[in-house]
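Visitor: Take a look at this one; I'll ask things after.
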Amino acid sequence: MTYKTIVIDDEPLARRGIVSRLRPYPQFDVVAECGNGEDALIAIAEHHPQLIFLDVQMPEMDGFEMLENLPIEERPAVIFLTAFDQYALRAFDVHASDYLLKPIDDERFNEALERVQRVLQMEQDNTLGDRLESLLSDLHSRRGTTGPQRFAIRNGRRIFFVTANEVEWIEAQGDYAALHVNGKTHLLREPLHILERRLDASTFVRIHRSTIVRLDRIAEMQALANRDCLLRLKDGTSLRVSRSYSDRLQEALNG
């Protein structure tokens, strides 16, 4: 992954120093150098960088003022450059990734780069994950219940897929649906009532306000005295069928 980077400092020598230090890090591609805040705003609008090195003290418009001219959603990661450590707290107030004191120490520079790279990578992973989940959700909604269904499961920075024919039963857990697959539980970021709409009704049936079961996993059904039912799945799991859903289950089993 390459991260577009802009170096902003009113001192040409300082800019060259940052660019030189970045050469061993090809993942940071310097797309522009700017000597003042106004030029920097133009360059950011043109290049949409993921990272900027930003000098705090610049004439006419300092680094903080320049940043305030950017909408929050358009702000890249920021490593502030300053000769005075009293700016450090204010740097973190505007959610800077890090700050470097001039003259810059090599080890401290490397630490800042490693830190910002971790942040950028996490943002990239989250963005890709959200886009992938959105794409899959859109595909499911357009296909209805035809064809094989796949669910994208997020686990930290990993995304893996579970197909509908692997799922044995599903239960609600707040705004999540817990998919039970071969003795394991996977959380899907989707409420149960929304998930139910895109499940194949000939394969899955709701048996309780918080439970959906796959019909071919049912091994036994037992009637209870209060008109509820008790299901036993092939793996031994016992699930209660509430009376308000029992007719729907009987209809699905007879169909």
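The values are calculated or read from the model by the stated rules, or taken from the named source; none is laboratory data. Quick caveat: nothing in here was measured; it's all calculated off a predicted structure. Note that we place each Cβ from the backbone using ideal geometry, even for glycine, and neighbour counts take in every protein chain shown.
Visitor: Within segment 160-176, how many residues turn out to be in contact (Cβ under 8 Å) with a residue 40 or more places away in the chain and either touching a Phe, Trp or Tyr at 6+ places or on another chain (Cβ under 6 Å) or of a type in the set (A, V, I, L, M) (or both)?
Guide: 3
Visitor: For residue 214, state whether it is in contact with an Asp or Glu (Cβ under 7 Å, 6 or more places away or on another chain), closer than 23 Å to residue 173 by Cβ and surrounded by 19 or more Cβ atoms within 10 Å (Cβ to Cβ).
Guide: Yes: the conditions hold for residue 214.
Visitor: If you don't mind, there's one more thing I want to ask. Pairs only if they're at least six apart or on different chains, beta carbon under 7 angstrom, first in segment 68-84 and outside any loop (DSSP other than H, G, I, E, B), second charged (D, E, K, R); list them, first residue then second.
Guide: These pairs meet every condition: 79/98; 81/9; 81/55; 81/102; 82/102.
Visitor: Report yes if residue 24 is over 18 Å from residue 1 (Cβ atoms) and either in the same structural domain as residue 112 (by TED's automatic domain parsing) or out of contact with any Ser or Thr (no Cβ under 8 Å at 6 or more places or on another chain) (or both), otherwise no.
Guide: no
Visitor: Here is a further query. Could you tell me how many of the residues in segment 230-247 are modelled with pLDDT under 85 and surrounded by 14 or more Cβ atoms within 10 Å (Cβ to Cβ)?
Guide: 1
Visitor: Mind checking which residues of segment 227-248 are of a type in the set (Lys, Arg) and outside any loop (DSSP other than H, G, I, E, B)?
Guide: If the condition is that a residue be of a type in the set (Lys, Arg) and outside any loop (DSSP other than H, G, I, E, B), then 232, 240, 243, 248 are the ones that fit.
Visitor: Let me ask another. Six or more apart or on different chains, Cβ under 6 Å: which pairs go from a residue in segment 1-22 that's of a type outside the set (S, T, N, Q) to one that's assigned to a helix (DSSP H, G or I) and crowded, with 20+ Cβ neighbours inside 10 Å? Could you list them?
Guide: 7/15; 7/18; 8/40; 9/15
Visitor: Next up: Out of everything in segment 47-84 that is at pLDDT below 85 and charged (D, E, K, R), what residue ends up being surrounded by the fewest Cβ atoms within 10 Å (Cβ to Cβ)?
Guide: If we take residues in segment 47-84 being at pLDDT below 85 and charged (D, E, K, R), then 73 is surrounded by the fewest Cβ atoms within 10 Å (Cβ to Cβ).
Visitor: Of the numbered conditions (1) part of a loop (DSSP other than H, G, I, E, B); (2) at pLDDT 65 or above, residue 146 satisfies every one except a single condition; which is it?
Guide: That leaves (2) as the condition not met.
Visitor: Only one residue in 42, 6 is modelled with pLDDT of 90 or more, of a type in the set (A, V, I, L, M) and surrounded by fewer than 19 Cβ atoms within 10 Å (Cβ to Cβ). Which one?
Guide: 42
Visitor: Filter segment 26-39 down to the residues that are in a loop (DSSP other than H, G, I, E, B) and within 26 Å of the chain's Cα centre (by Cα), then identify the one that is surrounded by the fewest Cβ atoms within 10 Å (Cβ to Cβ).
Guide: 26
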